[in-house]
Amino acid sequence: MEQLQAVVETRSGYRLDPRTKLFLMAVVATAEFLYSHTAFMVAVALIPFVLLLTNRQYKTAIIFFCLFSAGLFVQAIQNSIQFHMVVNMLVVLLVGLVLRLFPAFVMGAYIIKSTTASECITALGRMHIGRQITIPLSVLFRFIPTMQEESAAIKDAMRMREVQFGTKKFWQNPAALIEYRFIPLMISVVKIGDDLSAAALTRGLDNPVRRTNITKVGFTGWDLITVLIAGTALIITYFFSPW
Amino acid sequence: MENTNKLTGKDLINVGIYSAMTLVVFFVVGLLTALPVVYPFLFIIWPIVCGIPMMLYYTKIRKFGMLTITGIIGGIFFYLIGYGWIGLLGWFLGGLLSDIVLRIGGYQKFKVTVLSYACFCLGIMGCPANLWLAGDAYWENIHTSMGDQYANTLQSLMPSWMMYVGFALLFVGGILGALLGHKMLKKHFERAGIV
């Protein structure tokens, strides 16, 4: 788990403070839902896109770019074509999902990949957010990939017994899918969670003394530049858009 | 350590685990909203399916505050994926309310647990509450972003009285979900030695 490494080598070059990342995340999540022109939406989407490039997540960036352009294209031709009602609903929803929600999702992917757990906890601590929030949050992010892995393993095991979506056995008893896929997943996740809390407690999670950290967290010139560029781009496209 | 009312590290880790589980389940079920026709039924499906992880969660709760934290985390999550501040507020209030019910009624009692879970489910209302509370600006937004056809379908499925029906459905669904979760708890988890 790269995200759980305690010691971080001092990386030089472009990197942001976790607080700046969270701020940009909030901006993106809010801005997506303002009514706006295409230029503004593109500006919003560019923020996570450029950040992904700086973090060398080229694959995610390219996928995002393709989906977003496809979404823009469909939206542009949408009003000239009349689809059947159900198809229209699906198309509209997919386009809406891509254009409105994907910037925030991709931003989330960037934040999770580029921030180590200790960086994140230190930064949240500096914002005076108590451990009541930081500990559950870090456990949450630790668990979502684990749940995916476990779920895939259980899916493979259950395929042998034909407990999967779409088989004849499934239609005879759809509720069995919940019982055979979901309950084993919960059991294994609970077991892993118990191990995790034992490990964390032996490492002094309950220690009442303030947590120290060797990770360096602080605002740099990069943060200022990033926020300034993003801010001007958003303001210009919002107020003075040619379209 | 057992007697303190402050949340210990172990409690907080439990909060994280069960919040993760519930949110994932909630989100997977929520993908069904791709078809607006299913939307009204979700009020009953959500609480029932989420009842299973939540009942397991309730066996670990012995202190005030755990459900509130789950509510806040869920709320932040839904704020970020676009339900706005009403989503955040709804989840937070739902968590707080269910915590208060537990506090008054007593922990680890089945009947109180059912009631508390039903209250927690009321918080889910924070997600679609935008449709009624945010008013015309929100609808205009849907009209421009999703197209007129979608907005009209949604509007016809979601008249204003739907809000009260939604609360009732969530509450009933919460009770049913708690009973289902309890059954599963008896059938699987106690046998597996987890509870």
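The values are calculated or read from the model by the stated rules, or taken from the named source; none is laboratory data. Just so we're clear, the structure is a prediction, and the values are computed from it rather than from any experiment. Heads up, the Cβs are rebuilt from the backbone with ideal geometry, glycines too, and the neighbour counts pull from every protein chain shown. What goes into the accessible areas is simple: the full protein's heavy atoms, side chains included, and nothing from ligands, DNA or RNA. Shrake-Rupley method; radii C 1.70, N 1.55, O 1.52, S 1.80 Å.
Observations on the structure shown:
- Measuring only protein heavy atoms, the 1.4 Å probe finds B:Phe120 accessible over about 10 Å².
- Interface area, A with B, accessible, probe 1.4 Å, both sides summed, Å² nearest 100: 4100 Å²
- Only protein heavy atoms count here; under a 1.4 Å probe, B:His182 has an accessible surface of about 50 Å².
- Ligands, DNA and RNA left out, the 1.4 Å accessible surface of segment A:130-213 is 58% carbon and sulfur atoms.
- Residues of segment B:170-195 whose accessible area (probe 1.4 Å, heavy atoms of protein chains only) drops by at least 40 Å² once all protein chains are present, relative to their chain alone: B:His188, B:Phe189, B:Ile194.
- Amide N proximity, segment A:92-121 versus A:Thr30 label position 7 Å along Cα-to-Cβ, cut-off under 11 Å: none
- Placing pseudo-labels 7 Å out from each Cα toward the beta carbon at A:Ile214 and B:Val165 gives an inter-label distance of 6.2 nm.
- Heavy-atom accessible area, probed at 1.4 angstrom with all protein chains present, ranks B:Met184, B:Met66 as B:Met184, B:Met66, highest first.
- For the peptide A:138-146, the mean number of other protein chain Cβ atoms found within 10 angstrom of a residue's Cβ is 5.
- Accessible area, probe 1.4 Å, largest first, for residues B:Val112, A:Val92, A:Val50, B:Val165: A:Val50, B:Val165, B:Val112, A:Val92
- Segment A:81-227: C-alpha gyration tensor shape, a/c 1.5 cut-off, then a/b vs b/c: oblate
- For segment A:100-116, 3J(HN,Hα) per residue [Karplus equation, 6.51 cos²θ - 1.76 cosθ + 1.60, θ = phi - 60°, Hz, x = Gly/Pro]: 8, 9, 4, x, 5, 4, 5, 4, x, 4, 5, 4, 5, 6, 8, 10, 7
- Its residue count N sets the reference 2.2 N^0.38 Å, and the alpha-carbon radius of gyration of segment A:130-213 equals 1.51 times that reference.
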